[in-house]
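Accompanying notes for the structure given below.
The values are calculated or read from the model by the stated rules, or taken from the named source; none is laboratory data. Note that the structure is predicted; figures quoted are calculated from it, not measured. Reconstructed Cβ throughout: ideal geometry from the backbone, glycine too, with neighbour counts over all protein chains shown. Accessible surface is based on the protein model in full, side chains and every heavy atom, while ligands, DNA and RNA are left aside. Shrake-Rupley method; radii C 1.70, N 1.55, O 1.52, S 1.80 Å.
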Amino acid sequence: TPPFAPRGTMVFIHGAGGNAEQWEPQMDHFSRSYRVIAFDLRGHGQSEKPRSTYALEEFLWDFTQVLDQMHVAEPFILAAHSFGGPIALTFTAAQPQRVARLALLATAPEMHLHPLYEAMLKLPIPISTLERLRPIIAPKLHAPLFVIKRVLTSTLFPWRGWDLLPRITPPTLIIGGQFDFIVPSPILQRMHHLIAGSRLEIIRYARHLPQLERPRAVN
């Protein structure tokens, strides 16, 4: 058989509390035609967990280092979920020539949890206490709670990326879950109108993890 010649490269960015394996259904599907790359964000999965600020600038730096280390030179397809969206939108607005196509899953320029959850995250609870409670309150998270708290309260919740949207010029696919309370349909519709030529797809019966809940539909 002839050697595999990929049609291009796809890079996947997971969200806060997630890991690269949350893209496994997409990696399996698209690896038949593309070179696929997924990585653990700092503080997540198998990546190091430094006591840094977990500011957006740090994640953008890490992302550019991944692209350099993996020798991703050509324009690539970029897919991002939840907190991966701010990384992808900021990168694409700054360097649109590097992104061939953009897929935004369950993400928006502004995201919130229920006000009660946000208030609890902002309480001055010692990290040691949070870590003891982790098996009870957050057993499925792939990051220490000090990382989650810094990412959400210091970086994600204050972030507003609406001004970036008119600068997103690559063809863009917006995917949302029908029952996603973190990124509801009105927010997705507003984002759709502000990204010229974008396409919006709502995955029925999905919540905030459509790539795992309805992988065939997302693919």
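Of Leu105, Leu194, which has the most accessible area and how do the rest follow, probe 1.4 Å? Working shown, then result.
Numbers: Leu105 5, Leu194 70 Å².
My answer, sorted largest first, is Leu194, Leu105.
Could you tell me, in Å, what Rg and Dmax come out for the Cα atoms of segment 1-45?
In Å, with Rg to one decimal and Dmax whole: 12.2, 41.
Based on alpha-carbon positions alone, could you give the equivalent ellipsoid semi-axes of segment 159-219 from the gyration tensor, as √(5λ), descending, whole Å?
Working: eigenvalues 91, 35, 16 Å².
Sorted largest first and rounded, they come to 21, 13, 9 Å.
Taking 8 Å as the Cα distance limit and 6 or more residues as the minimum spacing, I'd like the relative contact order of the chain as a percentage. All intermediate terms of the calculation are to be shown ahead of the outcome.
Details: 385 pairs, mean separation 47.7, N = 219.
Relative contact order comes out at 22 percent.
Rolling a 1.4 angstrom probe over the protein heavy atoms, how many square angstrom per residue are accessible across the chain? Write down the numbers at each step before the final one.
Details: 11220 Å² over 219 residues.
With all protein chains present, the chain gives 51 Å² per residue.
What is the calculated FRET efficiency for Lys49 to Arg167, with r their C-beta to C-beta distance and R₀ = 30 Å, to the nearest 0.05? Display every interim value, and only then the final one.
Working: r = 33 Å, r/R0 = 1.09.
My answer for the efficiency is 0.40.
Compute the length gained on full extension between Trp159 and Glu58: take 0.36 nm times their separation in residues and subtract their Cα-Cα distance, giving the result in nm to one decimal. Could the numbers behind the result be given before it?
On the way: separation 101, 0.36 × 101 = 36.36 nm, distance 1.44 nm.
Extra length from Trp159 to Glu58 when fully extended: 34.9 nm.
Could you please state how large a percent of the accessible area of the chain is carbon and sulfur, counting protein chains only and using a 1.4 Å probe? All intermediate terms of the calculation are to be shown ahead of the outcome.
Numbers: 6520 of 11220 Å².
Using a 1.4 Å probe with all protein chains present, the chain comes out at 58 percent carbon and sulfur.
How many times 2.2 N^0.38 Å is the alpha carbon radius of gyration of segment 1-107? Intermediate values should be presented prior to the final figure.
Numbers: Rg = 13.7 Å, N = 107, 2.2 N^0.38 = 13.0 Å.
So the Cα radius of gyration is 1.05 times the expected 2.2 N^0.38 Å.
Going by average Cβ neighbours within 10 Å, how do the peptides 182-188, 86-92 rank, with the highest at the top? Let's see the in-between values first.
Values: 182-188: 17.1, 86-92: 23.3.
Sorting 182-188, 86-92 by mean packing, highest first, produces 86-92, 182-188.
Leaving ligands and nucleic acids out of the surface, order Leu67, Leu141 by accessible area at 1.4 Å, largest first. Display every interim value, and only then the final one.
Working: Leu67 0, Leu141 50 Å².
Largest to smallest exposure gives the sequence Leu141, Leu67.
Placing +1 at every Lys and Arg Cβ and -1 at every Asp and Glu Cβ, with all other atoms neutral, what dipole size does the chain have around its Cα centre, in debye to the nearest 20? Don't skip to the answer; put the middle values down first.
Details: 22 positive and 17 negative charges, 62 e Å.
For this selection, approximately 300 debye.
Rounded to the nearest 10 degrees, what's the angle between the helix 185-194 long axis and the longest principal axis of the chain, both from Cα atoms, 0 to 90?
The helix 185-194 is inclined about 50 degrees to the chain.
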